[in-house]
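**Q** Quick one: the structure is below, questions incoming.
The values are calculated or read from the model by the stated rules, or taken from the named source; none is laboratory data. These numbers were taken from a predicted model, which means no experiment stands behind them. All Cβ positions, even for glycine, are placed from backbone atoms using ideal geometry, and neighbour counts span all protein chains on display. Note: accessible area is taken over every heavy atom of the protein model, side chains too, but ligands, DNA and RNA are not part of it. Shrake-Rupley method; radii C 1.70, N 1.55, O 1.52, S 1.80 Å.
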Amino acid sequence: MWRPERRGSGRGPPRLLLLVCVALCALGDCLFVTEYFTRTPRKLSAFKSFASVELFHFNVPDDTMIAVWNLITFKEQGGTFGDSCPNRNVTVYFRSGAPPVINPLRTRFPGDTAVPGSFAVTLTWTLPNRTTGAFNVTSPLPGDWFLAAHLPKDEGKISVKGLSEECQYLFQPQLIVQRLVGVSVLYPGYFIDQMIPARNRSALYKVFVPNYVSKVKVQLLDCSTRNKSSDACAVVLKIRARAPPVHNSSALDCREWNPCELESAVPAWEQWYYVLVERYLTNSDVYFRIGVQVTDCSKSNQSKEPAQPSSSMNMPQSFGAALGFSLADTLSAPALPGSFHNSSRASEDNAVYIAPAVDTNKCWPIRPTLRNELDTFSVHFYVFFGPNISIPPDRAAVFAINLMPVLDSGGVLNMELKLNVSALRGANVTVFGCLNHGVPLFIPENATLRCESESMAGFFLSVNTSTNITKLRIPYPQTGTWYLSLRSLCATTHGFEVCTNITTEIYMRAYLTPCINDCGMYGQCKLLRTNNYLYAACECKAGWEGWGCTDNSAAYSYSFQLLSTLLLCLSNLMFVPPVAIAVRSHYLLEASVYIFTMFFSTFYHACDQPGIVVFCIMEYDVLQFCDFLGSLMSVWVTVIAMARLKSIIKQRGGRDDRCALPRVTPWLNPNAGAVPAVCTCVSVVMSVMEGRRGVEGGRRGYEHLLSSRVLYLLGAMSLSMALQLDRHGLWNLLGPSLFALGIMAVAWTVRTIRRRRCYPPTWKRWAFFLFPGTMIATSAVALYAFVETEENYFYIHSIWHMLIAGSVGFLLPPRAKPDSKVTPLKRRRGCGYQLCVNEHEELGLVDPAIISINSICTS
């Protein structure tokens, strides 16, 4: 890990740029440009898997001498600077060509997986709310560069959204590059006269190496000082592919060699090679002649000698037409300055041309593959007339796999080889393979079996009669052309030798997938995006870890998964007692809500399990919505039931419901006194009563509007809207609950003022029901908000289920007592106002002036 030094505010980048300018001025004429790139700040997360890191994509231009990444990290809390937030180190990874393959938790990779390397930087905090760091790369490789940043792994606490202001750690990378302009270009086969002035330290050149080149040789001739030849040339010759040479590049001290020749075996194809001539500290001008010689291997000995039928490949061969231009096409005589036809050595002015040498033993024909894109990161590479291919005994079989720039680097390159043992006729044959990027590596029969050269390393594969299947997985492969070289050799007592008259048959399968084995049973392959770049990563569950969710060192056992599932599901049975209490107290609507909550909470947690003990009766999102809605509706209907709104509204109606009408006096016998009138109760609608239509109609409308059922409906609609807006937001869910508590507080206050004593009136109700229920509910909320973590979720959340259900059983009010002055029959009839009419009046025998009407009915 690299830790930046403590720097003053805003002084890091200018100091680095000054060093860049000094280094570049030593190269010659100081022709360079400065380019600046930045990215939008992003919020960092604690590391769980690669799906939780933030990935940044940059592009470094060609001829870049130095690249400086300025890494800025700052804290925020509630929209302001987070000075009170704890200091958490930020780890940043760098890789060229593809995203970095990181493993900060030291987990196991899946078998047969190759892990490419990357650079890592750890940033520590130098200020309360801000820190900066710098990472500079001298002569970086051009093209794509990727940065991955994350925070350390946390304890896995489940925080409630909106409960407190969350500390956010924002990361913003910036890239400053300095690149040379007008680098001198050398042509293969040409020698030109050059000079390094005394004021300069070095001279930089570049040459393009095409396909089918087995060797690149840089020659420095006629070296002299102040136009005087000397035996020792006081310069150092360096060469490097794709970028200017650095301190550890291939180098040769020309003072010890005459002529000074630096070779690069197995060079990268279709790449720029940079040549640096650096003189020692002298005050003299250095004169020399420099040239580059390449060895052409595009015309192998197979083109001179006819191939045997047994060694012929079962697919067409391809040279420059399919994979690029050959050396002969690239260096055609009319296209290059100073070239002469029909001449192997010629000169014009100060340029001398030497025809390229031909190597007939290095390169073999390369077979292309057919690319078939099925989906994102789902690509199959087919060989012609395959997938079974034949490997001749006298030469290698080489295949080219082309990965598209940017598009294919976010997946996994898979390679599978299977040896057909039945076709070997008992021979002890071993097939060796080398998978390399940029150039094929050939395995000769008399060399060490390794897939590496001085400047590059590949991936080694082998199959034989005892192990006839091998696999190789490369996560986040570099884009470009990958070459697979296969060679069959026979094992003898003296080592491996060329097989005679045995053609080996291999089944080859090459394909690109988003994740390794689709992340297995305990993982989910996620397709992620950063700006316009797509990549895939595994997100593991049930304690499984690793790049492909194959590390089971901390995995949950099957019995543990079954126990946690049963505990989360069966804990909802605690709602059975509240349902029974609600039914017994005639709270049928409340009981139906509790049953709804118990049902969907059970099956939601059965579907929400991370392991293999999972049971889903419908889509996950539907189950989650119904579970959340049922939980909040249970709180809502319980609090509204505690308010007893219906009786409050009726008491606020005003006058007594009993009729106060005059008594009926018989018209035929006025001296008989008051006799009981035979009345017939006729229910009439309140709005047809004369003189009381508006007042009584408005009173009943007011009572209906504020009834409990209307509030139940409004609560259901409001909670559904809140859940749709933000299912995990605290205030969207807490707001309706507080509103219900406010309604209950107003109702209880009205009763307390009207009755002039505390409501509920009995101390037993407070001591044995309200206080225990409130304490249980408060404990449940505290556990849910402050104690619950990912590790203890299954039993803490089960306790939450039981406590919430238990609090409902305590807080649900008892059954309302009927009015003793009104019989149950009349209450059930719902008689509002009834008109009692004397039967004599019905017959027209009663004088309206002396009759009286008695009310014998009540509402």
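**Q** On a 1.4 Å probe surface of the protein chains, which of Phe615, Phe399 comes out largest in accessible area, and what is the full order?
**A** Phe615, Phe399
**Q** While we're looking at this one, here's another question. Could you give the size of the charge dipole of the stretch 451-552 about its Cα centre, using +1 on the Cβ of each K and R and -1 on the Cβ of each D and E, expressed in debye and rounded to the nearest 20?
**A** Result for the stretch 451-552 is approximately 320 debye, rounded to the nearest 20.
**Q** Then there's this: Net charge around Phe771, counting only other residues with Cβ within less than 14 Å of its Cβ (Lys, Arg = +1; Asp, Glu = -1)?
**A** Spelling it out: positives minus negatives among the neighbours equals +2.
**Q** If you add up the charges near Ala51, with Lys and Arg at +1 and Asp and Glu at -1, over every other residue whose beta carbon is less than 15 angstrom from its beta carbon, what do you get?
**A** +3
**Q** Please work out the average accessible area per residue across the stretch 366-514, using the 1.4 Å probe convention, and give it in Å².
**A** 41
**Q** What do you reckon, how do Trp482, Trp748 stack up by accessible area (1.4 Å probe), largest on top?
**A** Putting Trp482, Trp748 in descending order of accessible area: Trp748, Trp482.
**Q** Further, regarding this structure: Let me check something: with ligands and nucleic acids excluded, how do Met521, Met195 order by accessible area (1.4 Å probe), largest to smallest?
**A** Per-residue accessible area, sorted high to low, gives Met521, Met195.
**Q** Here is a follow-up. If you put +1 on each Lys and Arg Cβ and -1 on each Asp and Glu Cβ, how big is the dipole of the stretch 366-514 around its Cα centre, in Debye rounded to 20?
**A** Using only the charged Cβ atoms, the result is roughly 220 debye.
**Q** Taking the mean number of other Cβ atoms within 10 Å as a proxy for protection, how do you rank 127-138, 248-259 from highest to lowest?
**A** 127-138, 248-259
**Q** Rank by packing, highest mean first: peptides 803-809, 140-146, with packing defined as the count of other Cβ atoms within 10 Å averaged across residues.
**A** In decreasing order of mean packing, 803-809, 140-146 become 803-809, 140-146.
**Q** What's the carbon and sulfur percent of the stretch 366-514's accessible surface, probe 1.4 angstrom, rounded to a whole number?
**A** Of the solvent-accessible surface of the stretch 366-514, carbon and sulfur hold 50 percent.
**Q** Same structure, new question: If I compute solvent accessible area with a 1.4 Å probe over the protein chains, what percent of it on the stretch 189-296 is carbon and sulfur?
**A** Carbon and sulfur atoms account for 45 percent of the accessible area of the stretch 189-296.
**Q** Here's something else I'd like to know. How many Å² of accessible area per residue for the stretch 189-296, probe 1.4 Å?
**A** Accessible surface, normalised per residue, equals 43 Å².
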